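Below is one structure, written out as structure tokens, with a few remarks after it.
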Amino acid sequence: MTAKAIIFHGTGGNPDVAWYPWLAGRLRERGFAVEVPHYPGLNVEPIGEFLPKVLSAHRFDEETVLIGHSGGAALLLALLEHLDVTVARAVLVAGYCTPPNTSDEPVLQEKYDWDAIRAHVRDIYFVNSAVDPYGCDAGQGRAMFDRLGGTQIVRNDGHFGDYDQPFDEFPLVEGLAAGVANQSIS
């Protein structure tokens, strides 16, 4: 069975921004089947309406790796809660589980079944920045880590890519997604 990686962009993003194309290429070189879907409705449509579309658009199995950035990372919480399989890994970059600022966040559920989320992923990583301009910061990562365990990594890298923050490569996420724990990653 070929391992699959699905990379979910952030709010207002698309598959061609930030480090998504680079990561997709790197994971393909490692033998992954990679999907980088475009979801303009992410964090626009209420999660109760949006989530069924995502669940029906993809196939998930024990070799699937999920990567989400910002709103895409928040989406992974709902996705993991509602899967009927345990995926290999999830990497939540600049993720959050409560409103990180004063913006409307329709991607968030009112509450989460943390036990179900934990049961549907073998390894989970939270990569947050101490200096995230949108509030998707280390405190948000810690809130998820406290409920789910896994590994939290805190950097000083803003939002890990944004309109005014070029972030074209992300070797750390490549290593986490590929399951290369002992590789030198930065």
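The values are calculated or read from the model by the stated rules, or taken from the named source; none is laboratory data. Everything numeric in this text was worked out from a predicted model, so none of it was measured. A quick note on method: Cβ atoms are made from the backbone with ideal geometry, for glycine too, and the neighbour counts reach across all protein chains shown.
Within region 77-93, the set of residues being in contact with a strand residue (DSSP E or B) (Cβ under 6 Å, 6 or more places away or on another chain), surrounded by fewer than 23 Cβ atoms within 10 Å (Cβ to Cβ) and of a type in the set (A, V, I, L, M) comprises ALA88 only.
Tallying residues that are aliphatic (A, V, I, L, M), free of Cβ contacts under 8 Å to residues at least 40 places away in the same chain and part of a loop (DSSP other than H, G, I, E, B) within region 74-119 yields 2. Of the residues in region 139-152, not one is among the β-branched types (Val, Ile, Thr), buried (at least 19 other Cβ atoms within 10 Å of the Cβ) and either modelled with pLDDT of 95 or more or under 13 Å from the mean Cα position of the chain (by Cα) (or both).
For ALA18, the requirement of being hydrophobic (A, V, I, L, M, F, W, C) and either farther than 16 Å from LEU92 by Cα or part of a helix (DSSP H, G or I) (or both) is not met.
Every condition in (1) part of a loop (DSSP other than H, G, I, E, B); (2) of a type in the set (A, V, I, L, M); (3) modelled with pLDDT of 95 or more; (4) over 22 Å from ASP16 (Cβ atoms) is met by ILE185 except one, and the failing one is (3). The single condition from (1) among the hydroxyl-bearing types (Ser, Thr, Tyr); (2) farther than 14 Å from LEU77 by Cα; (3) touching a residue at least 12 places away in the same chain (Cβ under 8 Å) that TYR163 fails is (3).
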